[in-house]
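K.L.:
Here it is, the structure, as structure tokens.
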Amino acid sequence: MRTDNKNCRPWQATGRGMAFSALAVALLLSAGAAHAQMYRWVDGNGRVHYSDTPPVTFQKSGGAELSKQGNVIRRTQSETERQAEAERRAEQKRIEVEQGKQAQLDRALTQTYTTEAEIDLARDRALEHHKLAIRGAEIRGKAVDANLAELKARIANIEKAGRPVSPNLKEQLDQAIRESLDLKRTILNNEEAMVQVGEKYAADKARFRELTGK
């Protein structure tokens, strides 16, 4: 009996070990099944599909990766969604850059001026530069226009007398016309610049008032 009892112990232990191994395998298989994944996506016709493998268009059309319990594990954006997200991020970046530039301008404004009167003084100095340029062009323009009128009169008299106009006289006339046009353009450009200067300093003054509360 002792021998039989001794022989039975290994057999019983082996049986328990096999039962334990079978249970472990079943648990592992069950766990594997619980973690199996499915995919849900919408086709071009608006129909919803489910599959245990993703479609070839998954990266383009997007969809959801599901567990066997139907829980969303991971969602893949569609190409349209990715493009919209990229545009949103680009716009956000642009806004941040603009805000950074505005912050720099605001610091420069408050560090440069302490009162609105100082802004007016800076504006007047900037305008004076353009006023001098206009005044100089106008003075020169009067002399050029007088010379132009004289040249035209001389050429008219020569042509009236039936004589040929010399190339030198024609070149003087062309040069006077070009200079007159250049001077008029200089006056116009400086007048436009004065408007821009006025607008700039008006905006600076309004912003300064907002920042300082004055």
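The values are calculated or read from the model by the stated rules, or taken from the named source; none is laboratory data. On a predicted model such as this, the values are computed, not experimentally measured, just so you know. Heads up, the Cβs are rebuilt from the backbone with ideal geometry, glycines too, and the neighbour counts pull from every protein chain shown.
K.L.:
Being within 21 Å of residue 109 (Cβ to Cβ) and either of a type in the set (Lys, Arg) or in contact with an Asp or Glu (Cβ under 7 Å, 6 or more places away or on another chain) (or both) is the filter here, so list the residues in region 186-209 that pass it.
P.N.:
Answer for region 186-209, where residues must be within 21 Å of residue 109 (Cβ to Cβ) and either of a type in the set (Lys, Arg) or in contact with an Asp or Glu (Cβ under 7 Å, 6 or more places away or on another chain) (or both): 200, 205, 207, 208, 209.
K.L.:
I'm trying to understand the selection: among the residues of region 63-93, which are at pLDDT below 65 and among the acidic types (Asp, Glu)?
P.N.:
Answer for region 63-93, where residues must be at pLDDT below 65 and among the acidic types (Asp, Glu): just 65.
K.L.:
Could you please find all residues in region 109-155 being within 25 Å of residue 195 (Cβ to Cβ), among the small types (Gly, Ala, Ser) and surrounded by 11 or more Cβ atoms within 10 Å (Cβ to Cβ)? Please lay out each step first, then the result.
P.N.:
Just the residues of region 109-155 that are within 25 Å of residue 195 (Cβ to Cβ), to begin with: 109, 112-113, 115-142.
Subsequent filtering for residues that are among the small types (Gly, Ala, Ser) retains 117, 122, 126, 133, 136-137, 141.
Those that are within 25 Å of residue 195 (Cβ to Cβ), among the small types (Gly, Ala, Ser) and surrounded by 11 or more Cβ atoms within 10 Å (Cβ to Cβ): 122, 126, 133, 136, 137, 141.
K.L.:
Can we say residue 196 is more than 43 Å from the chain's Cα centre (by Cα) and at pLDDT 95 or above? Spell out how you get there, then give the answer.
P.N.:
Details: more than 43 Å from the chain's Cα centre (by Cα): no; at pLDDT 95 or above: yes.
For residue 196, the condition - more than 43 Å from the chain's Cα centre (by Cα) and at pLDDT 95 or above - is not met.
K.L.:
Kindly evaluate residue 173 against the criterion of being of a type in the set (A, V, I, L, M, F, W, C) and either within 31 Å of the chain's Cα centre (by Cα) or not assigned by TED's automatic domain parsing to the domain that holds residue 135 (or both). Talk me through it step by step, then tell me what you get.
P.N.:
On the way: of a type in the set (A, V, I, L, M, F, W, C): yes; either within 31 Å of the chain's Cα centre (by Cα) or not assigned by TED's automatic domain parsing to the domain that holds residue 135 (or both): no.
Criteria not met by residue 173.
K.L.:
Which residue, of 168, 190, is of a type outside the set (Ser, Thr, Tyr) and either outside any helix (DSSP H, G or I) or free of Cβ contacts under 8 Å to residues at least 24 places away in the same chain (or both)?
P.N.:
168
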